[in-house]
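Here is the structure we will look at, set down as structure tokens.
Where a number appears in this text, it was derived from the coordinates with a stated rule and is not lab data. Source: prediction; values computed, not measured. Here the Cβ positions follow ideal geometry from the backbone for every residue, glycine too, while neighbour counts run over all protein chains shown.
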Amino acid sequence: MEPILTLEAVSLAQGNRMVLENVEGTFAPGSITALVGPNGAGKSTLVQAIMGVLKPIRGRIHCGVPSDRRAWLPQQLALDLTFPMSVEELVLTGCWPTHGSFKRYGPEEYRRGQAVMQRLGLQAFEHRPLGELSGGQRQRALLGRTLMQKAQLLMLDEPFANVDAATVDILIEVLRDMAAEGVSIIIVLHDHDQMRRLADRVLWLDRGRATWVAPSSLDAASGATLSNHATADASIHSHSVNERPA
Amino acid sequence: MIDWFISPLTDFGFMRRALVAGLALSLVAPPLGVFLTLRGMSLVGDAMAHAVLPGVAIGFLMAGFSLPAMSVGGLIAGLVVAGLAGGVSRLTGHREDSAIASFYLISLAAGVMLISLRGSSVDLTHVLFGSILAVDSTALWLIVGVSSATLLTLAAIFRILVVECLDPLFLRGQGVRGSAVHALFLGLMVLNLTAGFQTLGTLMAVGLMMLPATAARFWSKRIEGLMGLAIAIGIFSSVGGLLLSYHAGLPSGPCIILLAGVVYLLSALFGRYHSVFARWRRRVEPVLPADAHG
């Protein structure tokens, strides 16, 4: 299958500090990739580069998805949790690619919004302000925006942080459904169990290097496994994306 | 009683002009204030109000008390300070608010120095504190024109501003340059500050922007509600402050802003959300229903 995103020897810097060097990889439609690594390893930097916000200092990022179909789900702490907006209003902002700043939402958009909220179990909260939602409900609302956006490439930054177990199950199910519909998903994760349940493959970032590993290698001694991968192997391998865990 | 409200307006032209100027400013300054609070830039508005002073001073030195000249000067100074602060922030990596704070202090000192060189303390007082009762027809047209243009622009970029306030990266992903939106918003703010300084002075023009906006947050959790309430508080403060200043023989600018301040304090005490009273009420609510006790 033709990849929708290709990283060719990409090197990224923040200011004068080199963050990642020679990252390579391909991302097929429907793949779920976990980005893993210690704080400051460059996970957010890589996501910014894929979003087109940060230019690589070397190498090339080729993305076949138009920018308005690339969705980014930030960490909840990055958002103003008291923002005066309801769940429905947030979900409908996902219509931006088709409606932009001026076009009014019509009955079709409201119908789609209802369907999205129903899928995410949010119908009872549709008029509730974001500030009154739990962490899990807010995360579902943010994911609802990406569903409205009909995103083809979805990037999520620790979406299960501060989220209850029931919501994690709902989010994982929705994300797997989205992948089955062809959406390519890149997700920053820390929890190895969640990684195993969700990801097809793992991109481990550490000390400026990126290494591809399989989720199955994330056993009890996964920390050591990953460290070995990261330190011993300077070259970066791209794996097939079609090996979905059972 | 009705005479108390009506007679100053029917008897005096300057009161009618002051009323129209106050209403025009109240329609646009509070919504700008709502966006400033949502963007976490409450103090940036205050800083920019001071930053326009050197431009106002240069306009005053060149053309005397000419509102168009002083406004153009103020607008240029405000935009220059906003641009310099943004530039320093990008080049040094420092937060933009600290750069703006530094530049506004320099601007304030430069403005006071310029006026002191050529004007009197009366001139300085006029520029710093304004006089809504001295609004002439030219000033009124300028204020109404700026307010109308701001209102139309705000309506046009409303959705962009809302989405950008919540999640700037989402908007960047959609191909909208956040810096352009930010610059346009700062431009609108400076434009309104320069329109407002004739009536309220450079130091208090931001009061009509911020106080109604911060007071409204105690009453509504919807953005439309915040806008509507902030405008209503702005209109109440402008009209009430104007009448109070007329009947009590007090300066008009401080009356308007103090009245808005009273509304803010009452809202902080008794508002529906997050006020002292609302928090107290929530704290004493029983955890269990009444029939569960005993």
Angstrom value of the Kirkwood radius, inverse mean 1/r, which spans all Cα pairs in chain A: 18.6
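Give me the inter-chain shielding for B:156-165: mean count of other chain Cβ atoms within 10 Å, whole number please. Provide the component values of the computation, followed by the final result.
Details: counts 2, 2, 2, 7, 4, 1, 6, 7, 0, 5.
Taking the mean over all residues of the peptide, I get 4.
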C-alpha center-to-center spacing [region B:205-222, region A:73-141] in angstrom: 25
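Suppose every Lys and Arg Cβ carries +1 and every Asp and Glu Cβ carries -1, with no other charges. What dipole size does region B:2-284 come out with about its Cα centre, to the nearest 20 debye?
Values: 17 positive and 10 negative charges, 210 e Å.
Dipole of region B:2-284, to the nearest 20 debye: 1000 debye.
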Test item: Cα-centred dipole of region A:79-150, Lys/Arg +1 and Asp/Glu -1 on Cβ, debye: 260
Proxy reagent accessibility, fewest Cβ within 10 Å first, across B:113, A:195, B:209: B:113, A:195, B:209
Axial C-alpha extent at least 24 Å, average Kyte-Doolittle at least 0.0 - helices from chain B (DSSP): B:13-38, B:67-92, B:96-118, B:137-166, B:178-200, B:223-248, B:252-270
Surface/4 estimate of mean projected area, convex hull on alpha-carbon atoms of chain B, nm²: 20.3
Exposure proxy ranking, count of Cβ atoms within 10 Å, fewest first, for B:214, A:146: B:214, A:146
Distance from region B:12-42 to region B:225-285 (C-alpha centre basis), Å: 14
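Count, for each residue of B:215-224, the Cβ atoms from other chains sitting within 10 Å of its Cβ, then give me the mean as a whole number.
Taking the mean over all residues of the peptide, I get 3.
Take peptide A:127-139, look around each residue's Cβ out to 10 angstrom, count Cβ atoms belonging to other protein chains, and average those counts.
Numbers: counts 1, 1, 5, 2, 3, 1, 0, 0, 0, 0, 0, 0, 0.
Neighbouring Cβ atoms belonging to other protein chains average 1 per residue here.
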Relative contact order (percent, whole number), chain A, Cα cutoff 8 Å, 6+ residue spacing: 28
Region A:113-174, relative contact order in percent, only Cα pairs under 8 angstrom and at least six apart counted: 41
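When a footprinting reagent is the concern and you count Cβ atoms within 10 Å, what order do A:110, B:264 take, fewest first?
Details: A:110 13, B:264 23.
By the 10 Å Cβ count, ascending, the order reads A:110, B:264.
Rank-order B:240-253, A:160-173, B:67-80, B:85-98 by packing density, defined as the average count of other C-beta atoms within 10 Å over each peptide's residues, highest first.
On the way: B:240-253: 18.4, A:160-173: 15.9, B:67-80: 22.2, B:85-98: 13.9.
For the peptides B:240-253, A:160-173, B:67-80, B:85-98, the packing ranking is B:67-80, B:240-253, A:160-173, B:85-98.
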Candidates A:124, A:141, A:71: whichever shows maximal mean-square fluctuation once chain A is modelled as a Gaussian network with Cα springs under 10 Å: A:124
Label point distance in nm, residue B:281-residue A:98, each placed 7 Å from Cα along Cα→Cβ: 4.2
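Normalising by the residue count of chain B, find the relative contact order in percent from Cα pairs under 8 Å and 6+ residues apart. Walk me through the numbers on the way to the answer.
On the way: 435 pairs, mean separation 74.2, N = 294.
About 25 percent, as a whole number.
Translational diffusion coefficient, Stokes-Einstein: compute it for region A:79-150 using the Kirkwood radius over C-alpha pairs as Rh, at 37 °C and 0.692 mPa s, and state it as an integer in µm² s⁻¹.
Details: Rh = 12.0 Å.
Rounded to a whole number, D works out at 274 µm²/s.
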Reach of residue A:43 by Cα under 27 Å, taken over lysines that are not fewer than 8 positions away in the same chain: A:55, A:150
